[in-house]
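Asker: Just passing along the structure, written as structure tokens.
Every number in this text was worked out from the coordinates using simple rules, so none of it is lab data. The model shown is predicted, which means the values in this text are computed figures rather than measured ones. As a convention, Cβ positions derive from the backbone with ideal geometry for all residues, glycine included, and neighbour counts pool all protein chains shown.
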Amino acid sequence: MPRSQGEIGAADGPQGEFMTIEPDDASLVRAAAQRGLPGQLAFETLVDRHQQWLVRLLTHLLGNQSDAEDVAQDAFVRAFLAIEDCDEGARFRGWLRVIARRLAFDHRRDSRTRARYEEESGLPMTLSGESMTGQLGERDLLKRVLGELAYPYREIMVLRFVEELPLKEIAEVLEIGESAAKMRLTRARTEFQREYAKRGGRRGDTGLA
């Protein structure tokens, strides 16, 4: 029986079966750029492949999964509309991350979103560091302190320690020079460790020392 167009034979199996090769991002980007139904299907594959990590990233940046899902959806729409601008399909993930980062920044800048975020994530200022660590586990405390950092600091901490990106790629995502990214990361780490210690956390537990 002839193989269908969607089945790319890599090697026949022991019983006459054959394996299908999953198209890489570059191939899917090229297909999506051709538009039409094949292009839509190709882009849907990209969405399925990248949605989970993107929502996770945006949740860390925005502090709210619902907002993260909305911004992720917007990012994919923007990416589809501008898919021809993705010159290197193999780097679709990095290109999408830049789009999402810009949208997240705009989202956080909205005054109503900022007010809701502060209301949802804030802790009573009367809590001492000792009582706070009693109410929150170390992991929760780490997340809480991260969420209370100034947005530029939280953003670079997430890219470095959650996404585990190298400094060069962080600079590309933030659209700044490497030296500026290094300086911002150093300041962010210092601020994070200071705030963590103020809330009763132990320095060695941050994983940033």
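Asker: Sticking with the crude label model, points 7 Å out along Cα→Cβ, report the distance from L167 to S179 in nm, one decimal please.
Answerer: My value for the distance between the label points is 1.2 nm.
Asker: Taking the Cβ of G39 as the centre, find all other residues whose Cβ is under 13 Å away and add up their charges (Lys, Arg: +1; Asp, Glu: -1).
Answerer: Net charge around G39: 0.
Asker: Additional query: If you take every residue apart from L174 with its C-beta less than 14 Å away from the C-beta of L174, what net charge results, scoring Lys and Arg +1 and Asp and Glu -1?
Answerer: Values: positive: R97, R101, R102, R154, R160, K168, K182, R184, R187; negative: E155, E163, E169, E172, E175, E178.
Overall, the nearby charge balance is +3.
Asker: Go ahead and run the numbers for FRET between R187 and R91, Cβ-Cβ distance against an R0 of 25 Å, rounding to 0.05.
Answerer: That gives a FRET efficiency of 0.35.
Asker: Taking 0.36 nm per residue of sequence separation and subtracting the Cα-Cα distance, how much length would be gained by fully extending the chain between R109 and Q40, in nm to one decimal?
Answerer: Between R109 and Q40, full extension yields 21.7 nm more.
Asker: Something else about it: On full extension of the chain, what length is gained from R78 through R30, given 0.36 nm per residue of separation minus the C-alpha to C-alpha distance? Could you put the intermediate results ahead of the total?
Answerer: Numbers: separation 48, 0.36 × 48 = 17.28 nm, distance 1.64 nm.
15.6 nm is the gain from fully extending R78 to R30.
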